[in-house]
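What follows is a set of notes on a single structure, which appears directly below.
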Amino acid sequence: MNINTNYENLEQSYLFSTIAKKVNEFSNAHPDAKIIRLGIGDVTLPLCNAVIKAMHKAVDEMGNQSTFRGYGPEQGYDFLRTAVQGYYKTHNVDLDLDEIFISDGAKSDLGNILDLFAKENTVLVPDPVYPVYVDTNVMAGRTVIFANANKENGFLPMPDESAKADIIYICSPNNPTGAVYNKEQLKKWVDYALALNAVILYDAAYECFISDSSLPRSIFEIEGAKNCAIEFCSLSKTAGFTGTRCGYTIVPKNLEKLNKMWLRRQTTKFNGVPYIVQRAAEAVFTEEGQKEIKENIGYYKENAKIISDTLEKCGIWHVGGKHSPYIWLKCPDNMSSWEFFDKLLNDLQIVGTPGAGFGKNGEGFFRLTSFGSKENTVEAMKRFENAYLK
Ligand SMILES: *Cc1c(COP(=O)(O)O)cnc(C)c1O
């Protein structure tokens, strides 16, 4: 046999292992230090009550002969697809049920969708960004080019007419920067994709953090998007499902071939999300579920505000935080990402994530997250203010 040598072209990522190693070394040398972690990329609040009730009920059904379920439809039960359809309706997007595909999360679908595209396509990925987009394409041997996000464009790169791409990734609100596109900006991306006959792969994993109704929560709020975009979303960050696993992907029927191919791909290679988990996901979209998850998101957003208010006070340039759990800041005193990491850890015992780990344009920047507790966030920002308030 011959192996897929494209795997040899993957860049090794030492980001999280290096962070863990440095934090370990520090805490071994300073066992009494209270280290506060603002680098967490995972939710911390538990599943809400509506979800837990629905799961318990579904577990009981599975233990009863008359309500037991075996294999379900690969693309998800209609009860959940209908709930997702109703959710999109609340931001004025009309979807047909057979445009909605339930999955075990956005990461797998973002990787799996690439089954539908030829190897020869050129892929455009923002830099910095969630590393999955680049790595999944490198594994398949595709050429990846980058859209530069930087301080000048507020970390929201716009289409470059001279660059030709076939597959375009957009993540808004963005991980790691927290920056959000408005409707006019997304319209330019949609027009660009339509002109090139390209497809946009739109990652909406953080849409729930958007609280300004004029900002788009779905690319399908943009005219023309149903002719060029596929949207990925997940309950991971919106409802604390990172360990429970459920997401959904929207493949519009206007993309007739892709919609049929995705159905074929899923029915061939995927056997669906557990019934119990789909019932849990359905509960997220009920009135009670929505109220409860909004409380959790509100908690994270309050932390984000504490962080961005502190940075503002200290005169440190940053984006994100308002419609995102992530705050992206320019390292003070022109430090590199890792220099600032070391300084925060050694001087203030705060752990964050070096921006350089998300792409070359991340160098000199730093990500803080609002997934910690309020108490810790407040304390970390007090330390920050003492060190940086001029
Ligand atoms: C966390 C995250 C996801 C969600 O992945 P799941 O597989 O659904 O847990 C997707 N995209 C981005 C950018 C993320 O940060």
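FYI, it's all coordinate maths here, none of it is from the lab. Because the structure is a prediction, the values reported are computed rather than measured. Reconstructed Cβ throughout: ideal geometry from the backbone, glycine too, with neighbour counts over all protein chains shown.
Summary table
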| item | result |
| --- | --- |
| Cα-based shape type of region 177-276, given that a ≥ b ≥ c are square roots of the gyration tensor eigenvalues and the cut on a/c is 1.5 | oblate |
| Kirkwood hydrodynamic radius over Cα pairs of region 195-332, then Stokes diffusion coefficient at 20 °C and 1.002 mPa s, in µm²/s | 124 µm²/s |
| Packing-based exposure ordering (other Cβ within 10 Å, fewest first) of TRP189, TRP262 | TRP262, TRP189 |
| Full-stretch length increase - ASN150, ASN254 - with 0.36 nm per residue and alpha-carbon distance subtracted | 34.0 nm |
| Theoretical gain in end-to-end length, ASP94 to LYS390 [0.36 nm per residue, Cα-Cα removed] | 101.5 nm |
| Relative contact order for the chain, counting Cα pairs under 8 Å that sit 6 or more residues apart, in percent | 23 percent |
| Approximate spin-label separation GLU295-TRP317, in nm, with each point projected 7 Å along Cα-to-Cβ | 4.1 nm |
| Residues in region 27-71 reached by a label modelled at ASN271 [backbone nitrogen below 17 Å; 7 Å Cα→Cβ] | 69-71 |
| Computed lengthening from LYS57 to ASN2, 0.36 nm per intervening residue step minus Cα-Cα distance | 14.9 nm |
| Three semi-axes of the equivalent ellipsoid, region 49-286, Cα gyration tensor, whole Å, largest first | 31, 19, 16 |
| Cleavage-rule hits (trypsin sites (Lys or Arg not before Pro)) in region 1-85: DSSP loop, at most 14 neighbouring Cβ within 10 angstrom | LYS34, ARG69 |
| Farthest positive-ward along region 243-390 dipole, Cα basis, beta-carbon charges - from SER373, PHE285, GLY321 | PHE285 |
| Förster-model FRET efficiency, 45 Å R0, ASN64 and ILE35, C-beta, rounded to 0.05 | 0.40 |
| Gaussian network model of the chain, springs between alpha carbon atoms under 10 Å - residue of ASN182, ASN24, ASN303 with greatest fluctuation | ASN24 |
| Sites GLN12 and VAL378 - FRET efficiency at Förster radius 30 Å, r taken between beta-carbons, to 0.05 | 0.25 |
| Relative contact order %, region 176-284, counting alpha carbon pairs below 8 Å whose residues are six or more apart | 22 percent |
